[in-house]
Each structure stands twice: as structure tokens, then as C-alpha cells.
Amino acid sequence: MTAMRLKDQQIAGFAALAVVIHILEASVPSPLPGVKPGLANVVTLVVLFRHGWIAAAWVAGLRVLVGSLLLGSFMTPTFMLSASGAIASVIALGGVYRALGLQHAWSPGPLGYALVAAWAHMAAQLFVAWLLFIPHDGLWRLAPVLLTASTVFAVVSGWATWKLLSWLAERGSADRVDEGAC
Amino acid sequence: MVLSRKRWFVRFLKWPDLVMAATAVMALGVLYVSLWQPAGQAAELQVLVDNEPLLSAPLSHNQTFSVEGTLGTSELEIRDGKVRFVSSPCRNQVCVHHGWASHSGELLACLPNRIALVLEGEAAVNDIDAVNF
């Protein structure tokens, strides 16, 4: 993989960007509890595609931690759900990244990765919610609806990631390192 | 330069994406079929007045009857496995406008008159905290 190892400052920069989106999103009321677009994950995906899984994991982890500190939800149920979702989606992304990579014929593009992240996120949240907060099996009835929302928003954020990646590639931004690689 | 541009240009839809999207849609279908069942038909009606169980009646037997609440008399009707408030002495008539209820776990109430109708069935789970229909 030609992914460049980021400096700590750059990871912090990406995480800060994700935190801003995270907080803006938290301030938008949602028609259904537990459903939000998850656009902050676009930053994670862009970092995954351009800088590899480790950088993406850092950005996602920092976003959840700093976001919860700024929103005042650190260690509350909201944070538990958000953190478990982020951890699960980072692990799932890592699995697919290791197994399928980015540049092979069989590698998924932004849409595939967004779907993997969104499903892992929602599944983990449902499981943690069921385990810790609502140990009632009726909760699973919500699963199809919530996962439908996940899927729809994954298409949106996959598309946004693709747009961003194309834009960044065309601009040939300074931190690209693929020249001379391979 | 052109080469590296090409390498970094990611296509939105490659075949693995389509496979994943198709898998997700199929999984959703399976989930809807297996988890998203409509609430079952209730078998029995329980009437609570001022939070005290007053009477219960089977929904299979069509009948109209009156229940004394704290405000006055409410008229109830059971027909074809459904139940409704026909009339109630309350001011805003929310209970009457709610119409028929037939699902297990469903709740009809005339709060001013302190009358609540709880629908139960064999398959009803009684520890649901809140149900919205």
C-alpha cells in the first residue's frame, strides 16, 4: 500500500475536522433516536483510503473521545454507544482493509467501505444497547429499520467520500506520496 | 503525474461494492422478514379504572358496555376483535377519536376519566415499557 504514515499533527488535524462534523451533527435533531447521518465517518474513510487503517483508527477514536468531552457526554450511555459503534466499525474496516485492500480488482471502493463501517457501527450499538440498557428482545425489532437507515446513510457518505477522494486526487495535494511508489 | 492521478482516482462503484450493496439489501430483507413482524392480534381486553383492574372481556364476543370512571360513564364497544371508546364524558375526546384498537400490547386510555384499556393476547409480552403504533 502506498499509504503515507501521517505525522501526529496531521492525525490531530483530521480528528479535529471529524470532531467539528460530529458536533454539528449532534446539534441537528433526529426524527428517530439512534439515527444520524454519520457524516463524520467520511473523514475516517478518506483517511483510510489515503493514509491507511492505523491513521483512520486514530482519527475515529479521537473523534469519539474528543467529541464526547466537548458535548459533555463522556462516559454516559450516549458515549458508550458511540464508542462501541466506532470501535466495531474501525475493527470491521480493518478486517476488510487487510483482506481486500484498496487497489486490487477485488477491493471495494468508498461505497463498500462505507457500508461495512455503517453496518458494524449499527450492529455494535444495537448489541451494546441490548446488553447494557434495554435487555429486552423487543429491541431487535428495531434492527431492520435502523439498519435500513444505516444503509441509506452509508450510500450518502460513501458517495461523499468518493467525491472528496476524486477531488483530492485531481488537486494533487501536497501530502500525496504515491509518486515513485510501487 | 497522469499515472498517479489515475491510481488515486477511486471509482465509486466497483463490482465488490455492488456485491456488498446487494448483500446488505438481501440481509435487510431477511431481517425485515424475521424481525419486523406486526403486533399480534389481541385476544382479551382488560379495563383499568384509576389504575385498578375492573374487568376483562374476550375480544371474540361483540358487545357494548359502560364503565364508570371518575368523571362519569364511558361507553365501550367490542366488535370483530377490536375495541373502541364510543363516548366518554371528557372534554377533548382524544379516546373517542383514537378509534379502534386491536393489537396485542396496545393501549387505549381516557385519562380525564381515568379509564385505560389494555389489549392482551396469548403471545403478549407484559414487560414492554412503551409501545407506539
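The values are calculated or read from the model by the stated rules, or taken from the named source; none is laboratory data. Since the structure is predicted, the reported quantities are computational estimates derived from the model, not experimental observations. A quick note on method: Cβ atoms are made from the backbone with ideal geometry, for glycine too, and the neighbour counts reach across all protein chains shown. Ligands, DNA and RNA are stripped out before the accessible areas are found, and what is left, the full protein with its side chains, is counted by its heavy atoms. Shrake-Rupley method; radii C 1.70, N 1.55, O 1.52, S 1.80 Å.
What are the pairs with Cβ atoms under 6 angstrom where one residue, in the stretch B:21-42, is within 8 Å of chain A (Cβ to nearest Cβ) and assigned to a helix (DSSP H, G or I) and the other, located anywhere, is at pLDDT below 90 and open to solvent by 30 Å² or more (accessible area, probe 1.4 Å)? Sequence gap at least six, or different chains. The qualifying pairs are B:Leu35/A:Trp140; B:Leu35/A:Arg141. The set of residues from the stretch A:128-158 being facing another protein chain (nearest Cβ under 9 Å) and in contact with a Leu (Cβ under 7 Å, 6 or more places away or on another chain) comprises A:Trp140, A:Arg141, A:Ala143, A:Pro144, A:Leu147, A:Thr148, A:Thr151, A:Ala154, A:Val155, A:Gly158.
For the stretch A:90-102, the candidate set comprises residues that are within 14 Å of chain B (Cβ to nearest Cβ) and in a helix (DSSP H, G or I); within that set, the residue that is least open to solvent (accessible area, probe 1.4 Å) is A:Leu93. Taking A:Met80, is it within 13 Å of chain B (Cβ to nearest Cβ) and either surrounded by fewer than 22 Cβ atoms within 10 Å (Cβ to Cβ) or modelled with pLDDT of 90 or more (or both)? Spelling it out, it is not the case that A:Met80 is within 13 Å of chain B (Cβ to nearest Cβ) and either surrounded by fewer than 22 Cβ atoms within 10 Å (Cβ to Cβ) or modelled with pLDDT of 90 or more (or both). Against the condition assigned to a loop (DSSP other than H, G, I, E, B) and either under 17 Å from B:Leu119 (Cβ atoms) or of a type in the set (A, V, I, L, M, F, W, C) (or both), how does B:Leu76 come out, does it pass? No. For the stretch B:82-113, the set of residues classified as in a loop (DSSP other than H, G, I, E, B), surrounded by fewer than 17 Cβ atoms within 10 Å (Cβ to Cβ) and either of a type in the set (Asp, Glu) or touching a Ser or Thr at 6+ places or on another chain (Cβ under 8 Å) (or both) consists of B:Pro89 only. Filtered by the rule that a residue be within 14 Å of A:Ala12 (Cβ to Cβ) and open to solvent by 10 Å² or more (accessible area, probe 1.4 Å), the stretch A:58-70 gives A:Trp58, A:Gly61, A:Leu62, A:Arg63, A:Leu65, A:Val66.
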